[in-house]
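Remarks on the structure that follows.
What follows is calculated from the coordinates using simple rules that are stated; it is not laboratory data. As the structure is a prediction and not an experimental result, all values here were calculated from the model. FYI the Cβ positions are ideal-geometry reconstructions off the backbone, even for glycines, and counts take in every protein chain you see.
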Amino acid sequence: MHVDPRKMSWLGILFVVFVAGCGQQEPVIKIGVSGPFTGDQANVGLTVLRGAKLAVNQANLNGEVLPGYKLELVPIDDQHNPTQAVSAAKKFISDPQILGVVGHLNSSCTKPASQIYYNGRLAQITPASTNPDISKQGYDTFFRICATDDLQGPKAAQFAFNELAARKVFIIDDKTTYGKGITDEFKKAFAAMGGQVLGHQGITQGDKDFTPLLTNVRTLSPDLIFYGGLYPEASLIIKQAKDLNIKAPVMGGDGIYDVTLINLSTPQAAEGTYATMIGTDIRSLPQAQEFVKAYESEFGDIGSYSAYSYDAANILIQAIKMAQIPDREKVISVLRGGGTFPGILGQTKFDENGDTENEIVSVFRVRDGKWEHVRTV
Amino acid sequence: MELFFQQLINGLTIGTIYALIALGYTMVYGIIQLINFAHGEVFMVGAYIGLTVIMFLGFTAAANLPLALLYLALILLISMIVCGLLGILIDQIAYRPIRNSPRLVALISAIGVSFVLQNVVMLIYGPQDKGLPQIFPDIKFIFGEVTITLMQILIFAVSLVLMVLLHFLVQNTQIGRAMRATAQDHKMARLVGINVNGIISLTFFIGSSMAAVGGVLFGLYYHTINFHDGYLAGLKAFTAAVLGGIGNIPGAMVGGILIGLAEGFGAGYISSEWKNVFAFVILVVILLLKPTGLFGERISDRA
Amino acid sequence: MSQIRLQRHWIYGLIIFLCFAIPFIDRSAYHQEVLTTAGIYILLALGLNIIVGYAGLLNLGYAAFFAIGAYTYASLNLAWHVPFWVAIPIAFVVTSIFGFLVGLPVLRVKGDYLAIVTLGFGEIVRIIFNNLEITGGPNGLLGIAHPTLFYPVWNNGLAWARLDFGVQSFPYYYLVLVFVIFVAYFSLRLDRSKLGRAWIAVREDEVAAGCMGIPVARVKLAAFAVGSSIAGIAGTIYAAKQGTVTPDSFDFILSVMILAMVVLGGLGSVFGVILGGLVLSILPELLREFSIYRMLIFGLVMILMMIFRPQGFLGNVRRKYELTSRRKYF
């Protein structure tokens, strides 16, 4: 083989273009946000992005967060893929202007990413990851403003046992950290109350046909089907269960609490589906009215985690203000300081694991094609 | 026992859809020895065309059965024509120029087409699952523990009719004879005056329109479609085509049903999460042990 | 040594020197990250090049070997704290055994069927990793240790200091670079060896090769084993670098991407494959704003390349003839 001048010039061109693409410096401070902004869970992921965006925009309008600095939001998509989440985390920590991150959405992403944030000394507030193990790792950079599954699961079990008088339950999960986590908690609590768990099966995310599984479930005649997972698969399960003439309602966690669920499974089939959700109904909170108006005028309907992301971003902003200098360690110590941060969800105080002391869980039900708040448990 | 029948019905339903797609694979392979990797995407496009037609014409839940059937016929017709033309287009652009190249080249081109189709659909319609409005009344037939929905019956009926028609076309008409001749030997077919390129295009048209029907029925049955549905369904349908004997049309139909049943029973009796593995294992085993398939033919050993 | 050869060696040396120097010239962590990832993909492409480029065996499930390498290190490390450097040869061996096992039943399978069978294998492996508890299910395995290196320091006598690779890309860049150079050199030598020539013969006409006394089955198995073992090494490095492995990192799209790198660069051409790997790794990063069009462009490029230049950027004339006229086997 001879020396190929074309090859040389290709390499040369690539080299030059690459080096030329280096970034520039500006006097900004940044907050990162990450979640599934594209892909099949984009509906939910975008609620996180928009909540954070609104918070940052409002903060900039209200004056400088830190004198001399402009605040920017850096979104990075993780497509609910843990490897991408790790990659996003590494990008965040390698940008010194980023002082905190709102993320991620899925527990399976937040967990590995939390190690990266810990190593990189960057504060992380998750608006929606409910798996309890994440805060038990001892990372002082991890914070969470939503309740955890070891709260949601048992409360769902209580509701099912007491209000729905369910005694026999079939459990399905989607094998993710979140799905398995919440169903395990539900199972423990339900059995402890004397209920009977008829079976516990896993399904694969992205799958479409659950009729074989549901046919088996039907022969067991459960009072309730509890599903741990997200709305794409949940909507198919609900629809196919109705088609197979299964009378038992489906109940799930916050992962299925999304308007799209009703659309995808058809309102008739979704009628009578229950879901738990962390926190209370946003619309009923007086202090949230302004937020609701501002969000809806800019982005349209409020989504499942819009308010959480909004509060998380605002807490970061408050922490940065209180730190007074663009320093990550200071932001972390402010958050750990045990202070209370006001927000539209109420007052948020982080305990020594980074969990919020706000432990409200609500139950919602689908009625007439809409989610309706049943009560807080 | 009733559990068995219910699983049987579940399996048959999806199997019929696989059979429709498998027809396209088997016909194209029979005629130009190409695994049309993009065929699964044509199926997916068919489903999306169905969705578009429904949205465009504003169909909603029809309480009225005859009206809904009319809607269905219209949707199927439009989808079949569009996808049939799409199939011809794909052949012209991506396969014809490399008709004489080795299989690796054509296969990669086919994969490229598959990506293009998937992503065009994704860019137009978005990456989330799309819901299809319900156009049929929610009629169910209940026999004890076994339930059959109207949709399932429709799927069987439509597919059966189409497959019978296709079989008739291929076996008993002049055009069918031309197709069979071309599949046997291009050069000789040309010598006896058959327009080989035209027949090839026709084959793509028919195969793609079958897949389109499968797509529309799939969309109406599951009520949600996603741009990624074509890949998996395509592979399973290909397995079905090989199972039945690639190049063999009745074989593809039988193969599809068998794969659907295997999946349904496998998921029901063994495990739901390993469902896709069954199809892949069957694929691998068949290709290793008996590549000529059940009704084996047409692998004129060019290897 | 002839003039031209000498010149060539000087140029290779210069390029290698430049590659080593890059992280000092361009200190951006992000760029190093991209180049390191590109390097891992190039390793994979070099491995696949042996199977598809040299031996002509279509493989659409190469990502499975990558996965096996990665999960091997992950599970060894998490269960028995096996350090990275020990895991590399283990993964090498394990993956080549799997390559052998995959190659064994497909010896008689031809052309496009071979491609589909390997695709099937690839998917089966991915689904297995996705469903089994011991491989962590869809969330994969986390907390995998990064490589550590002991290096000598002078501190009133010879002492050993420890370097933990950690999460920055810097040390991984060199690790990958060294392996790429080694594998590339190894590939080039293989090409000129008896085995390499046997591969060319089998690729062009299996029956004739067999008649000439070439042990066709053994030659094919060798291709599978060697090609897949390289993926095993790449997988180990990947797992060590990421710290986590998840099954959806090893999907069909990755297999296609690696194949595309080999095909675009030029089947069988080591430099072509390296170039193809660089282009297909770096280009998506440069075009981040167009990332939603990425797969679309990718598909179009594949179709166009096959129609107009199937032998790739740096393919040679022999290849061109091979790929544009109807062949009996392939």
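How much length is gained if the chain between C:L149 and C:L283 is pulled fully straight, taking 0.36 nm per residue apart and subtracting their Cα-Cα distance, in nm to one decimal? Don't skip to the answer; put the middle values down first.
On the way: separation 134, 0.36 × 134 = 48.24 nm, distance 3.24 nm.
Net length gain for the segment: 45.0 nm.
For peptide A:80-90, what's the mean number of Cβ atoms from other chains within 10 Å of each residue's Cβ?
On the way: counts 2, 5, 12, 11, 3, 2, 7, 3, 0, 1, 8.
Mean shielding by partner chains, rounded to a whole number: 5.
Taking the Cβ-Cβ separation of B:L65 and A:H373 as r and a Förster radius of 35 Å, what is the calculated FRET efficiency to the nearest 0.05? Mind dumping the intermediate values first?
Numbers: r = 38 Å, r/R0 = 1.09.
E(calc), rounded to 0.05, equals 0.40.
Choose one of A:P249, A:N216, A:L151: the residue whose Cα lies farthest towards the positive end of the charge dipole of the stretch A:150-278 (beta-carbon charges +1 Lys, Arg; -1 Asp, Glu; about the Cα centre).
Working it through, the farthest residue towards the positive pole turns out to be A:N216.
Just subtract the alpha-carbon distance of C:V82 and C:Y174 from 0.36 nm times their residue separation and send over the number in nm, one decimal. Don't skip to the answer; put the middle values down first.
Details: separation 92, 0.36 × 92 = 33.12 nm, distance 2.18 nm.
The span from C:V82 to C:Y174 would gain 30.9 nm if fully extended.
For the protein assembly as shown, with only Lys/Arg (+1) and Asp/Glu (-1) charged at the beta-carbon, what is the dipole magnitude about the Cα centre, in debye rounded to 20?
On the way: 73 positive and 67 negative charges, 735 e Å.
So the magnitude is around 3520 debye.
Let a ≥ b ≥ c be the square roots of the eigenvalues of the Cα gyration tensor of the stretch C:54-100; is it rounded (a/c under 1.5), or, if not, prolate (a/b larger than b/c) or oblate? Write out the running numbers ahead of the final one.
Details: a/c = 3.46, a/b = 2.30, b/c = 1.50.
Judged from the Cα gyration tensor, the stretch C:54-100 comes out prolate (a/c at least 1.5, a/b above b/c).
In the stretch A:291-377, which chymotrypsin sites (Phe, Trp or Tyr not before Pro) fall in coil by DSSP and have 10 or fewer other Cβ atoms within 10 Å? Write down the numbers at each step before the final one.
Numbers: sites: A:F291, A:Y295, A:F299, A:Y305, A:Y308, A:Y310, A:F350, A:F364, A:W371; in loops: A:Y305.
When the chymotrypsin sites (Phe, Trp or Tyr not before Pro) of the stretch A:291-377 are filtered for loop state and at most 10 Cβ neighbours within 10 Å, nothing remains.
Averaged over its residues, how many other protein chain Cβ atoms are within 10 Å of peptide B:275-281's Cβ atoms?
Values: counts 8, 9, 8, 0, 3, 10, 3.
Across B:275-281, the average partner-chain Cβ count within 10 Å equals 6.
Rounded to the nearest 0.05, what FRET efficiency do C:L101 and B:A157 have when you use their Cβ-Cβ distance and R0 = 41 Å?
Working: r = 46 Å, r/R0 = 1.12.
Efficiency at R0 = 41 Å is approximately 0.35.
Mind checking Rg over Rh on the stretch A:150-278, alpha carbons, Kirkwood formula for Rh? Intermediate values should be presented prior to the final figure.
Values: Rg = 12.9 Å, Rh = 14.1 Å.
Ratio value, two decimals: 0.92.
Taking the Cα centre of the stretch A:136-241 as the origin, how large is its charge dipole in debye, to the nearest 20, when only Lys and Arg (+1) and Asp and Glu (-1) carry charge on their Cβ atoms? Could the numbers behind the result be given before it?
Numbers: 12 positive and 12 negative charges, 42 e Å.
Its charge dipole is roughly 200 debye.
Counting partner chain Cβ atoms within 10 Å of every residue's Cβ in C:243-255, what's the average? Present the calculation step by step, with values, prior to reporting the outcome.
Numbers: counts 7, 10, 2, 9, 2, 8, 4, 1, 0, 3, 2, 0, 0.
The shielding value for this peptide is 4.
Net charge near C:H146, counting Lys/Arg +1 and Asp/Glu -1 over other residues with Cβ under 10 Å of its Cβ? Present the calculation step by step, with values, prior to reporting the outcome.
Details: positive: C:K241; negative: C:D164.
Surrounding charge for C:H146 is 0.
Anyone know which of A:P27, A:P96, A:P249 comes out most mobile in the 10 Å Cα GNM of chain A?
The residue with the greatest mean-square fluctuation here is A:P27.
Taking the DSSP beta bridges in chain A as the whole, what percent of them are antiparallel, to the nearest 5?
Working: 16 of 50 bridges.
Bridges in chain A that DSSP calls antiparallel: roughly 30 percent.
Ranking A:M251, C:M295 by Cβ neighbours within 10 Å, fewest first, what do you get?
C:M295, A:M251
Please check: in the Gaussian network model of chain B (C-alpha springs, under 10 Å), which one of B:K275, B:K187, B:K130 has the largest mean-square fluctuation.
Most flexible of the set in this elastic network: B:K187.
If the elastic network links every pair of Cα atoms under 10 Å, which of C:L280, C:L18, C:L195 fluctuates the most in the Gaussian network model of chain C?
Its mean-square fluctuation being the largest, the pick is C:L18.
Taking K and R as +1 and D and E as -1, what net charge do the other residues with C-beta under 11 Å from the C-beta of A:I116 add up to? Walk me through the intermediate numbers first.
Working: positive: A:K90, A:K91, A:K111, A:R121; negative: none.
Taking every other residue near A:I116 into account, the sum is +4.
Does the protein assembly as shown come out rounded, prolate or oblate by the C-alpha gyration tensor, with a ≥ b ≥ c the root eigenvalues, rounded set by a/c under 1.5 and, if not, prolate when a/b is larger than b/c and oblate if not?
Working: a/c = 1.84, a/b = 1.09, b/c = 1.69.
Oblate is the answer for the protein assembly as shown, as a/c is 1.5 or above yet b/c matches or exceeds a/b.
Principal axis lengths of chain B from Cα atoms, whole Å, largest first?
58, 43, 39
To the nearest Å, what is the center-to-center distance of the stretch A:323-352 and the stretch C:50-84, using C-alpha atoms only?
44 Å
Of the peptides C:83-92, A:124-133, how do they stack up when ordered by the mean number of other Cβ atoms within 10 Å, highest first? Each step should come with its number before you reach the end.
Details: C:83-92: 18.3, A:124-133: 26.5.
Ranking the peptides C:83-92, A:124-133 by packing returns A:124-133, C:83-92.
Shape verdict for the stretch B:138-264, please, from the Cα gyration tensor: rounded (a/c under 1.5), prolate (a/b greater than b/c) or oblate. The partial results should precede the final answer.
Numbers: a/c = 2.35, a/b = 2.12, b/c = 1.10.
Judged from the Cα gyration tensor, the stretch B:138-264 comes out prolate (a/c at least 1.5, a/b above b/c).
Measure out, as a whole number of angstrom, how far apart the alpha-carbon centroids of the stretch C:21-42 and the stretch A:95-146 sit.
The stretch C:21-42 and the stretch A:95-146 have Cα centres spaced 27 Å from each other.
Which Cα, out of B:F115, B:I21, C:Q311, lies furthest along the positive dipole direction of the protein assembly as shown (beta carbon charges, K/R +1, D/E -1)?
C:Q311
If r is the Cβ-Cβ distance from C:D164 to C:I16 and R0 is 45 Å, what FRET efficiency results, to the nearest 0.05?
Values: r = 26 Å, r/R0 = 0.59.
E(calc), rounded to 0.05, equals 0.95.
Looking at this model, which pairs from A:K53/A:K321; A:K187/A:K239; A:K180/A:K242 are more than 21 angstrom apart at the alpha-carbon?
Values: A:K53/A:K321 18 Å; A:K187/A:K239 24 Å; A:K180/A:K242 24 Å.
Cα-Cα > 21 Å for A:K187/A:K239; A:K180/A:K242; rest within.
HN-Hα J couplings of the stretch B:104-109 from phi, Karplus 6.51/-1.76/1.60, θ = phi - 60°, integer Hz, Gly and Pro as x?
3J(HN,Hα) across the stretch B:104-109, in whole Hz: 4, 4, 5, 5, 5, 4.
As a footprinting exposure proxy, order C:D251, A:D351, A:D254 by other Cβ within 10 Å, with the fewest listed first. Could you put the intermediate results ahead of the total?
Details: C:D251 16, A:D351 12, A:D254 27.
Going from least to most buried by this count: A:D351, C:D251, A:D254.
At what distance in angstrom do the alpha carbon centres of the stretch B:1-62 and the stretch B:226-303 lie from each other?
Spelled out, the Cα-based centre of one part sits 14 Å from the other.
How big is D for the stretch B:45-187, in µm² s⁻¹ as a whole number, if Stokes-Einstein is applied with the Kirkwood radius of its Cα pairs at 25 °C and 0.890 mPa s?
Details: Rh = 18.6 Å.
Taking Rh from Cα pairs, D becomes 132 µm²/s.
How far apart, in nm, are the 7 Å Cα→Cβ label points at A:K70 and B:L165?
Between A:K70 and B:L165, the label points sit 6.2 nm apart.
At 7 Å along Cα-to-Cβ for each site, give me the label-to-label distance between C:I25 and B:L8 in nm.
About 7.3 nm separates the two model spin labels.
Return, for the Cα atoms of chain A, the radius of gyration and Dmax in Å, separated by a comma.
22.5, 81
Pick out, from C:S249, C:L35, C:G210, the residue whose Cα sits farthest towards the positive end of the charge dipole of the stretch C:34-251, with +1 on the Cβ of Lys and Arg and -1 on the Cβ of Asp and Glu.
Checked the options; the winner is C:G210.
Determine, for each peptide in A:29-35, A:161-167, C:42-48, B:258-264, the mean count of other beta carbons within 10 angstrom over its residues, then list the peptides with the highest first. Intermediate values should be presented prior to the final figure.
Working: A:29-35: 27.6, A:161-167: 15.1, C:42-48: 29.3, B:258-264: 22.9.
So the peptides A:29-35, A:161-167, C:42-48, B:258-264, ranked by packing, come out C:42-48, A:29-35, B:258-264, A:161-167.
How many nm is it between the label spots at B:R180 and A:E298, if each spot is 7 Å from the Cα in line with the beta carbon?
Computed distance between label sites B:R180 and A:E298 equals 6.9 nm.
Per 10 Å bin from zero, what fraction in whole % of the C-alpha pairs of the stretch C:34-251 is there, up to the bin with the longest pair?
Spelled out per bin, shortest first, that is 9, 32, 32, 18, 7, 2, 0.
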